[in-house]
Amino acid sequence: MTVSSDAFGEARWVGRATPVKPGHDGMNASARSDRLERVFAKGRPALIAYLMAGYPDRDGSLQAMRVVARAGADLIEVGVPYTDQLADGPVIVNASARAREAAGGSFGLVETLEVVADFIGKRQGDSPAIALMCYLNPLMSMGFERAAQLIADAGAEGVIIPDLPPDMADDWLRAAEGRLDTVFLAAPTSTDARLDLVGEASSGFVYCVSTTGITGERETLPLGLSDTVARVKAHTSLPVAVGFGVSSAGQAAEVARIADGVVVGSAFVKRQADPAELEALVAEVASAVHSAGRA
Amino acid sequence: MSRLFPRADEVYAGPDEAGFFGPYGGRYVPETVMPALLELTAAFEEAASDPVFQQDLDNLLVDYVGRVTPLYPAHRLAEAVGLGTVFLKREDLCHTGAHKINNCLGQCLLAKRMGKKRIIAETGAGQHGVATATAAALMGLECAVFMGVEDIRRQSLNVYKMRLLGAKVVPVDEGTGTLADAVTAALRHWVERVEDTFYVLGSAVGPHPYPLMVRDFQSVIGLEIIDQLLARGVSRVDAVVACVGGGSNAVGTFYPFVLAPDMFGGPELVGAEAAGLGVDSGQTGASMAKGRPGVMHGFYSYLLQDETGNPLEAYSISAGLDYPGVGPEHAHFRDEGLVRYEPVTDSEAVAAFDLLCKTEGIIPAIESSHALALLPALAEKYGPAGTVVVTLSGRGDKDIDIVREAGLS
């Protein structure tokens, strides 16, 4: 007997299920909310500052939020510490590990929301909005309904889930609907059909990933970024913010000329334990972003 | 050859278009790699229905891997454990010493067909890394293998082999420096180099289409077992056993039996998962016994995780089984009652390793020893006339230092 190609071929293909269309039921996701979108309604590009909750410790992260608020960020994206951060580079992975250590081993969604609620309880006037950057499993582990409720109760207005593409998101969107915006990622590799999906499923804004790869500082912006942004914008009427690899005021200004918002993460997280340094960089980047002339 | 299987949708269906086996599986990955997964799914479907691809793969499996692997009746082992017959499916005799090569050749052929020049892979025990490095050398592809630093320490021989074969071994110094960390690192790298790189995933895990693809490439194991049992005139089998980490040799063994539930009197299918120091010791890899469903590495399945959803570090004496998750199709098999999963401790596996060495003159992989360790319990259940098939997924040369440390002589 040789390897029975008959049997092999047969058995391999008979086992298929009747194709089931992934149930994207076009939930009201593109309906306009007044949550995150207002961040982009100030007549100038917005600065989105990513910070890691719990780093360098609980109070340190609360202080960092106040610092970036004061220094001009329009939206704070608060990272939830997690042990398996597929989309993140070393600076954010280390901050996440340090946050967990500082809290004695466990600092997760609930603890992050306590910090957010503290921040929001004492924020003043024109203070930045809050969105959570949380990997999928902590939300799933808590249960989507309860997680969406707690996040909204804490005062956050949106969620970014880096490992949840829109075609897998129906259950989450159902739980978030009416409570939270959900921001999906668009990538340079996304096809036109996928950009439609991302645009339809997103609310608040669309997060355009500048480059393939993980978060972290890069010396130069990727070639073709303006084409990527233009493609994303052609597939959504929502504001488009660009992140991954934007670290300096110069880069941020460059991005602000082509996008509605700029996300800076690793460069801020790196300085998160030093409020003075953090404030100086955020202020510099904010002014560069806010004054960037639109092309 | 006559048609072996009934139409499957009458018996067992899965996965659906989005890669779900029941509720398990899916593609929970960053958007950056979604297009690559969709492209891969389409390329795999297309290749798999192409008789030329099929023939190329079959030729390699015969001429290069050395298939068909024997189905060996282990008389002295059967006598020692108190069963009538124990058949060992000798995947340890495959080129490179384990079943992993079946899948690597399939995926590397696909990579070539898709025009990819670079191959990356993760490895735990090093078997998949060596198999991938081998297939890459054979096909002239550039190859990098991600491996945890702890596994590099435990499996230095395989590290050296990969280098000899021209692959680059990339140490992963995160978490516990084991398999799960290597998968994360490989996925991250793939996100970065997705356009020219093919990720050869070694187990029946990860985002769709990997669990499907790995199952299909490994199903040659179960299909051969069925052919060989028929050729021997065996009419009744009580149980078919395989070890489960991510679950590639197990799904390849079980799947054809799941499709043909009436053959051989409908044997019980049993997966041996790594209990480590015991399922309640906190030092375990038993995701079926101690996990609850969650998402890691792009798929939804049973997962060892803390209360707040952080994946836990798995532990097992076996570098190939200490993974906190399990392939989504196994989770589905379990929920549907198609396969029973049993935890096996380190010391039970070491005892089974010893027994096979002494009774049959075969040194098994410590992973495969977990499957062998279920034989005494099956003997109790099926008695001295019982017939059991065990997939011996790999050979144990790589584990010599580990069993020496565990006190075998």
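Which entries in B:100/B:398; B:116/B:168; B:89/B:117; A:270/B:116 show an alpha-carbon gap greater than 25 Å? Don't jump to the answer; show the numbers that get you there.
Values: B:100/B:398 14 Å; B:116/B:168 17 Å; B:89/B:117 34 Å; A:270/B:116 36 Å.
Over 25 Å Cα-Cα: B:89/B:117; A:270/B:116.
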Amide H within-cut-off set for residue B:305, under 5 Å, with H built and near neighbours excluded: B:292, B:312
For the stretch A:208-223, Karplus couplings with θ = phi - 60° (6.51, -1.76, 1.60), whole Hz, Gly/Pro x: 8, 6, 5, 8, 5, x, 9, 5, x, 6, 9, 5, 10, 6, x, 4
In sequence order, calculated HN-Hα J values of the stretch B:204-216 (Karplus, 6.51, -1.76, 1.60; Hz; x Gly/Pro): 7, 10, x, x, 4, x, 4, x, 5, 5, 5, 4, 5
The stretch B:70-164 - percent relative contact order, Cα under 8 Å, separation 6 or more: 22
DSSP beta bridges in the protein assembly as shown [antiparallel fraction, %, rounded to 5]: 20
Which of B:143, A:81, A:36, positive extreme of dipole for the protein assembly as shown (C-beta unit charges): B:143
Trypsin sites (Lys or Arg not before Pro) within the stretch A:261-295: DSSP coil, no more than 15 neighbouring Cβ in 10 Å: A:294
Percent accessible area from carbon and sulfur atoms, the stretch A:45-291, protein chains only, probe 1.4 Å: 48
Positive-end residue of B:247, B:261, B:172, charge dipole of the stretch B:136-270 with Cβ unit charges: B:172
Threshold 50 Å², the stretch B:181-228 residues less accessible with all protein chains present than alone (1.4 Å probe): B:188, B:192, B:216, B:223
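Over chain B, what percent of the accessible surface lies on carbon and sulfur atoms, probe 1.4 Å?
51
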Sparse-neighbour loop sites [GluC sites (Glu not before Pro); the stretch A:170-262; at most 11 other C-beta within 10 Å; DSSP]: A:219
Cross-link reach list, aspartates and glutamates versus residue B:381, counting only Cα pairs under 13 Å and skipping chain neighbours closer than eight places: B:238, B:268
Alpha-carbon centroid distance for the pair the stretch B:217-287 / the stretch B:90-132, whole angstrom: 21
Test item: Cα-centred dipole of the stretch B:37-182, Lys/Arg +1 and Asp/Glu -1 on Cβ, debye: 440
Of A:182, A:258, A:131, farthest towards positive along the dipole that unit charges on Lys, Arg, Asp, Glu beta carbons give the stretch A:45-291: A:258
Charge dipole (debye, nearest 20) of the stretch A:45-291; +1 at Cβ of Lys and Arg, -1 at Cβ of Asp and Glu: 300
Set of aspartates and glutamates with alpha-carbon distance to residue B:161 below 13 Å, sequence-local pairs under 8 removed: B:397
A versus B: buried accessible surface, summed, Å² (probe 1.4 Å, to nearest 100): 5000
Helix-derived mean residue ellipticity, 222 nm - over chain B, DSSP H n ≥ 4, -39500 (n - 2.57), to 500: -12000 deg cm²/dmol
Chain A: calculated mean residue ellipticity at 222 nm from DSSP helix runs of at least 4, using -39500 (n - 2.57): -12000 deg cm²/dmol
Dipole moment magnitude, nearest 20 debye, chain B about Cα centre, only Lys, Arg, Asp, Glu C-beta charged: 880
Per-bin percent of Cα-Cα distances, the protein assembly as shown [10 Å]: 3, 16, 25, 24, 16, 10, 5, 1, 0
Karplus-derived 3J(HN,Hα), 6.51/-1.76/1.60, for each residue of the stretch B:296-302, Hz, glycine and proline x: 8, 6, x, 9, 9, 6, 4
Surface per residue (accessible, 1.4 Å probe) for the stretch A:45-291, Å²: 32
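Write down the accessible area per residue of chain B in Å², having rolled a 1.4 Å probe over the full set of protein chains.
Here the residues of chain B average 32 Å² of exposed surface.
The values are calculated or read from the model by the stated rules, or taken from the named source; none is laboratory data. Just so we're clear, the structure is a prediction, and the values are computed from it rather than from any experiment. Here the Cβ is made from the backbone with ideal geometry for all residues, glycine too, and neighbour counts use every protein chain on show. Surface accessibility is based on the protein's heavy atoms, side chains included, excluding ligands, DNA and RNA. Shrake-Rupley method; radii C 1.70, N 1.55, O 1.52, S 1.80 Å.
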